[in-house]
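The structure appears below as structure tokens.
The values are calculated or read from the model by the stated rules, or taken from the named source; none is laboratory data. Because the structure is a prediction, the values reported are computed rather than measured. As a convention, Cβ positions derive from the backbone with ideal geometry for all residues, glycine included, and neighbour counts pool all protein chains shown.
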Amino acid sequence: MTLLKIEDLNKSFKALHILKGVNIEVNKGERHVIIGPNGAGKTTLFNCIYGTLPLSSGKVYLAGKRIDHIPSFKRTEKGMGRTFQKNNLFEELTVEENVRLAIMGKKKYRLNMIKPMQNYNDLAEECHRLLEEWEMTERRTVLVKELSYGEQRLLEIILSLSTNPEIILLDEPTSGMSPTETSRFVKLIKKIPDHITLVIIEHDMEVVFSLANKITVLHHGTAMMTASPEEIRGNQMIQEIYFGGGALSHD
Amino acid sequence: MKKALLSTILLLMTVLILPHIISPFMVYLSTEILVFAIFAMSLGLIMGFGGMPSLGHCAQFGLGAYTVAILSEYTANIYLLLGAAILISLCFSLVTGYIAIRNKGVFFLMITLAFTQVLFLITSRMKFWGGNDGYSASVTANFGFGEITSNIGLFYMMGFFFVLTYFLLKLFVNAPAGKVLKGMMENEGRMIALGYNPKTYKMFAYLIAGSMAGLAGGLYIYKTQFVSPALFSVHMGAEVMIMVFIGGMGTIFGPALGAGAFVFLQNYISTMTDRWPLILGLLFIAIVLLKRGGILHLIQFVSTFGLKLFKSSRNAPVDKQVKGKEQAS
Ligand SMILES: Nc1ncnc2c1ncn2[C@@H]1O[C@H](COP(=O)(O)OP(=O)(O)OP(=O)(O)O)[C@@H](O)[C@H]1O
Ligand SMILES: [Mg+2]
């Protein structure tokens, strides 16, 4: 079943035509990885799917319904989550406070003006469970700005999971992580249940092939090819552009 | 909750005791301080927790004042009068907020100022209500327990509303809506990605702050018995902003302290020299340049520092005792 469908998406910044008629279909449960060189327009694509940036033209469907005209926060309500390429957290709050704020986004009482937030037990329980799952319980009272970069990357994902998403857009989740952090991260990502669909932008080929069951190559603003990891590996042209020539740049 | 309750009780006791230990003139002055404290705390909410620096927050204050002054011709019922003051400023906030919260930073500042300027122009042309010369009202507070005419009575009246406002604001900032507001100020993009609608929370805060300013304005008349377009001047808008700044942005009590310091210094220094604006300006620059925080942050800093000193001086001998016992056993 197609969960996310991007149809003929175009995006220009003034005269700069960044995305040129992108078509991508993501099936439910898929681990869909998007690869492409720096500046290919991957982050821009995410921003368009999520509504952070307005489209120039094209359509975005989530579970068969068009979502390209609704504001971003409503896309979250409809089951779309995202992480950011550059850490985007509440630095002055603790890990726990970050997660609670994230979980509360889907609660009715988020508009309550009287009862202290810390007195909501369900919030505390859900937060505890999530931190346990992601092996961050020990760090719960640490201020986010004092976390290591890798831990902050992890928290990015925890926050996006807090909203009960059906689909999460992960923008270069492993960038800036040490090799140990990366392998720990891959192990944790694999634990995300299948009913949550993942779209991942990734540069690290080892990570790509250990997670992906579908890969889209974004090149100069067009989705050049969408195929299984095996096909991508076997494709002569892709090999030459990305692997053979070593043109796939790292940050 | 416990903390909010505790600090409120502490504040209430201070308000109850204060008039008996300070001079009559200070009681008189403190009445004004309390009104401005409510006013400044309300601005402190949207500035320090919502990232909305309004230079026109005096609009709601002035509207509250005008409402009570004008309606007092028809009724003396203080519940009705203050209720009307809150309602009118709430309505004004509803209309202006709808437009203002779509803007950020300097644009928010300018648009709120523009709304206030409109009120300034209207009130200064309203010949019927005094125009530029202002309008005198004769109002006496009576909550059903007899008329409040003494200075101490007025002090307690303002004190009651001050403590109430403080408590409500304290509840708000610790409740979900307040936490979301603060999160929005720190990282709006992330809050949106978490499914929060920024406009809802900003509007809430703006409405709360607006009606509290309206209440403060309504109360103000019971002390001054006079309104004039000056209430809507840039001067007024800037003064309350300075109170928030020097008191400590991002706290509830800070702006109240700022109001206290401001009114106090204004009255004292202006009896000694007419360079008050200069001194105020220097104080303001110092606070902006030195640190982000205001008086309250300074107090917090000094007290935690003092507490550390106190603890370390007490811990030292305790450590020795423990060690001694360990050796003995
Ligand atoms: N707001 C913007 N205004 C103008 N140009 C932009 C804007 N955002 C992105 N661009 C340009 O669009 C192009 C694609 O950027 P994008 O961030 O989508 O690339 P990317 O594929 O995510 O690259 P990377 O791998 O480095 O993250 C770049 O050339 C960038 O300079
Ligand atoms: Mg990118």
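Observations, loosely collected:
- Only one of the listed residues (A:LEU161, A:LEU111) is on the phi < 0 side of the Ramachandran plot, at the interface with chain B (Cβ under 10 Å from one of its Cβ atoms) and at pLDDT below 95. That residue is A:LEU111.
- Within the range B:272-284, residues that are at pLDDT below 80 have Cβ atoms under 8 Å from residues that are assigned to a helix (DSSP H, G or I) and among the small types (Gly, Ala, Ser) in these pairs: B:TRP276/B:SER270, counting only partners at least 6 apart in sequence or on another chain.
- Answer residue from the range B:147-191, given it is at the interface with another protein chain (Cβ under 7 Å from one of its Cβ atoms) and not in a helix (DSSP H, G or I) and is surrounded by the most Cβ atoms within 10 Å (Cβ to Cβ) among those: B:ALA175
- For the range B:32-49, a residue qualifies if it is buried (at least 23 other Cβ atoms within 10 Å of the Cβ) and in contact with a Lys or Arg (Cβ under 7 Å, 6 or more places away or on another chain), and the qualifying residues are B:VAL35, B:PHE49.
- Within the range A:133-143, the set of residues being surrounded by fewer than 17 Cβ atoms within 10 Å (Cβ to Cβ) and part of a helix (DSSP H, G or I) comprises A:GLU133, A:THR137, A:GLU138.
- In the range B:192-275, counting only helices (runs of 4 or more DSSP H) that sit wholly within it, the ones holding 1 or more residues that are in contact with an Asp or Glu (Cβ under 6 Å, 6 or more places away or on another chain) span B:198-224, B:253-272.
- For the range A:9-45, a residue qualifies if it is surrounded by fewer than 16 Cβ atoms within 10 Å (Cβ to Cβ) and within 16 Å of ligand 2 (Cβ to nearest atom), and the qualifying residues are A:PHE13, A:LEU16, A:ASN38, A:GLY39.
- Residue check, A:GLY51 within 14 Å of another protein chain (Cβ to nearest Cβ), of a type outside the set (A, V, I, L, M, F, W, C) and within 16 Å of ligand 1 (Cβ to nearest atom): yes
- When residues of the range A:3-48 are limited to those that are more than 15 Å from ligand 1 (Cβ to nearest atom) and touching a helix residue (DSSP H, G or I) at 6+ places or on another chain (Cβ under 9 Å), the one farthest from the other protein chains (Cβ to nearest Cβ): A:ARG31
- Test for A:ILE168: is it among the aliphatic types (A, V, I, L, M) and either within 16 Å of ligand 1 (Cβ to nearest atom) or farther than 21 Å from B:LEU181 by Cα (or both): yes
- Selected residue (criterion: farthest from the other protein chains (Cβ to nearest Cβ)) from residues of the range A:76-92 that are over 13 Å from B:ARG190 (Cα atoms) and charged (D, E, K, R): A:LYS78
- Flag for A:GLU156 being within 14 Å of chain B (Cβ to nearest Cβ), closer than 16 Å to A:PHE84 by Cβ and either more than 16 Å from ligand 2 (Cβ to nearest atom) or at pLDDT 90 or above (or both): yes
- First in the range A:13-34 and touching a residue at least 12 places away in the same chain (Cβ under 8 Å), second anywhere and basic (Lys, Arg) and within 16 Å of ligand 2 (Cβ to nearest atom), Cβ under 9 Å, 6 or more apart: A:HIS17/A:LYS11; A:ILE18/A:LYS11; A:LEU19/A:LYS11; A:LYS20/A:LYS11; A:VAL22/A:LYS11; A:ILE34/A:LYS42
Each row is one residue, and each column tells you yes or no for (1) closer than 19 Å to A:LYS214 by Cα; (2) of a type in the set (A, V, I, L, M, F, W, C).
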| residue | (1), (2) |
| --- | --- |
| A:GLY29 | yes, no |
| A:HIS32 | yes, no |
| A:TYR50 | no, no |
| A:LEU55 | no, yes |
| A:GLU91 | no, no |
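Residues checked against (1) of a type in the set (Gly, Ala, Ser); (2) over 28 Å from B:LEU5 (Cβ atoms):
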{"residue": "B:ALA205", "(1), (2)": "yes, no"}
{"residue": "B:ALA213", "(1), (2)": "yes, no"}
{"residue": "B:GLY218", "(1), (2)": "yes, no"}
{"residue": "B:THR224", "(1), (2)": "no, yes"}
{"residue": "B:VAL227", "(1), (2)": "no, yes"}
{"residue": "B:ALA230", "(1), (2)": "yes, yes"}
{"residue": "B:GLU239", "(1), (2)": "no, yes"}
{"residue": "B:MET243", "(1), (2)": "no, no"}
{"residue": "B:ILE246", "(1), (2)": "no, no"}
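- On inspection, B:VAL288 does not qualify as touching a Pro at 6+ places or on another chain (Cβ under 9 Å) and within 29 Å of B:LEU11 (Cβ to Cβ).
- Condition check for B:PHE204: surrounded by fewer than 23 Cβ atoms within 10 Å (Cβ to Cβ), at the interface with another protein chain (Cβ under 8 Å from one of its Cβ atoms), aromatic (Phe, Trp, Tyr) and more than 22 Å from A:VAL99 (Cα to Cα): yes
- Filter pass, A:LEU101 being free of Cβ contacts under 8 Å to residues at least 24 places away in the same chain, within 16 Å of ligand 2 (Cβ to nearest atom) and either surrounded by fewer than 22 Cβ atoms within 10 Å (Cβ to Cβ) or not assigned by TED's automatic domain parsing to the domain that holds A:HIS195 (or both): no
- Assessment of the range A:78-93 against the conditions (within 18 Å of B:GLY195 (Cα to Cα), out of contact with any helix residue (DSSP H, G or I) (no Cβ under 8 Å at 6 or more places or on another chain) and more than 16 Å from ligand 2 (Cβ to nearest atom)) yields at least one matching residue.
- Look at the range A:179-204: where a residue is closer than 18 Å to A:GLU166 by Cα and away from ligand 1 (no atom under 16 Å from the Cβ) and a partner is of a type in the set (A, V, I, L, M) and not in a loop (DSSP other than H, G, I, E, B), sitting 6+ places away or on another chain with Cβ atoms under 6 Å, you get A:THR197/A:LEU3; A:THR197/A:ILE167; A:LEU198/A:ILE168.
- Only residues that are surrounded by fewer than 20 Cβ atoms within 10 Å (Cβ to Cβ), of a type in the set (Lys, Arg) and in the same structural domain as A:GLU96 (by TED's automatic domain parsing) were counted across the range A:144-186, and they come to 1.
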